[in-house]
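The values are calculated or read from the model by the stated rules, or taken from the named source; none is laboratory data. In this text, all values refer to a predicted model and were calculated from it rather than measured experimentally. Glycine gets a Cβ as well: all are built from the backbone with ideal geometry, and neighbour counts include every protein chain shown. Heads up: the accessible areas ignore ligands, DNA and RNA and are worked out on the full protein's heavy atoms, side chains in. Shrake-Rupley method; radii C 1.70, N 1.55, O 1.52, S 1.80 Å.
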Amino acid sequence: FAACSPMVRARGQRLASIQLKGWIKQVIEAACDDVQKSTTSIGLRTSGTVRLPTERERWSVLRSPFVHKGAIDQYARLTYNRLIEIYGEGTQSHDATKTVHFLRYLEHTILPAHAGARAKVTLFSNEVRAAAPSSSSAATSHSSSSGQS
C-alpha cells in the first residue's frame with residue numbers, strides 16, 4: 001500500500017463487488033438501497049452505488065405476414081446495471097468474514113425480496129499464483145532423455 005494514494009489506503013482492500021441487473025429501474029434502485037443499508041448496519045465499507053451503462057435491446061416485428069412491409073412494431077428492453085464494491089482490511093481479516101455472511105444474507109433475503117433483480121458477485125483475494133516452470137527447461141529435459149535411449 002506504500003505506492004497507493006491516500007484515498008485507497010483509507011478505503012482498504014477490495015473484498016467483493018456486487019453487480020446488480022434488472023429490467024425495472026425502481027426494483028434495482030430499491031435493491032441497491034437495501035444492500036447499502038445492510039452493509040452499513042453490519043459494519044462494512046462500500047463504494048456507494050455506481051451506475052453502469054444501460055443496455056438497450058431493440059426488435060422490429062412485421063405486423064402483417066404478407067405485403068404490408070411498412071407496418072412494423074418496434075420493441076425495446078432496457079437492462080439497468082448497478083455496481084457496489086465492498087472494502088475491508090484484508091482477505092484474512094474479520095471484514096472478510098463479515099463479507100461472506102453478508103453475501104449469504106444477500107442471496108437468501110435481499111434478492112428474493114426484490115423480484116426481477118439479479119446479482120453477480122465477485123470475491124477478491126490477494127493470493128498470488130506460483131510461476132509455471134519455463135518451457136525451455138522442460139524441453140531440455142525431454143531432449144536429453146530421448147538422446148540416451
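Filtered by the rule that a residue be part of a strand (DSSP E or B) and either out of contact with any helix residue (DSSP H, G or I) (no Cβ under 6 Å at 6 or more places or on another chain) or of a type in the set (A, V, I, L, M, F, W, C) (or both), segment 21-45 gives 21, 45. Is it true that some residue in segment 101-115 is part of a strand (DSSP E or B) and modelled with pLDDT under 95? Looking through segment 101-115, none of the residues is part of a strand (DSSP E or B) and modelled with pLDDT under 95.
If a residue has to be closer than 18 Å to residue 108 by Cβ and touching a residue at least 24 places away in the same chain (Cβ under 8 Å) to count, how many in segment 37-78 make the cut?
Of the residues in segment 37-78, 4 are closer than 18 Å to residue 108 by Cβ and touching a residue at least 24 places away in the same chain (Cβ under 8 Å).
Residues of segment 76-100 that are modelled with pLDDT of 95 or more and of a type in the set (Phe, Trp, Tyr): 80 alone.
Out of curiosity, is residue 39 more than 16 Å from residue 18 (Cα to Cα) and β-branched (Val, Ile, Thr)?
Working: more than 16 Å from residue 18 (Cα to Cα): no; β-branched (Val, Ile, Thr): yes.
No: the conditions fail for residue 39.
Collect the residues in segment 10-45 that are open to solvent by 20 Å² or more (accessible area, probe 1.4 Å) and out of contact with any strand residue (DSSP E or B) (no Cβ under 7 Å at 6 or more places or on another chain), keeping them in residue-number order.
Step one: filter segment 10-45 for residues open to solvent by 20 Å² or more (accessible area, probe 1.4 Å), giving 10-11, 13-14, 19, 21, 23-27, 29-30, 33-34, 36-37, 40-43, 45.
Passing the criteria: 10, 24, 26, 29, 30, 33, 34, 37, 40, 41, 42, 43.
Suppose the filter is farther than 22 Å from residue 125 by Cα and open to solvent by 70 Å² or more (accessible area, probe 1.4 Å); does residue 92 pass it? Don't jump to the end; show me each part of the working.
Numbers: farther than 22 Å from residue 125 by Cα: no; open to solvent by 70 Å² or more (accessible area, probe 1.4 Å): yes.
No, not satisfied.
Among residues of segment 103-116 that are touching a residue at least 24 places away in the same chain (Cβ under 8 Å) and loosely packed, with under 11 Cβ neighbours inside 10 Å, none has a beta-carbon under 7 Å from a residue that is of a type in the set (Phe, Trp, Tyr) and not in a helix (DSSP H, G or I) at least six positions away or on a different chain. Filtered by the rule that a residue be in contact with a Phe, Trp or Tyr (Cβ under 9 Å, 6 or more places away or on another chain), of a type in the set (S, T, N, Q) and closer than 14 Å to residue 85 by Cβ, segment 35-49 gives 39, 46, 47. Of the candidates 48, 70, the single residue that is in a loop (DSSP other than H, G, I, E, B), open to solvent by less than 90 Å² (accessible area, probe 1.4 Å) and within 28 Å of residue 115 (Cα to Cα) is 48.
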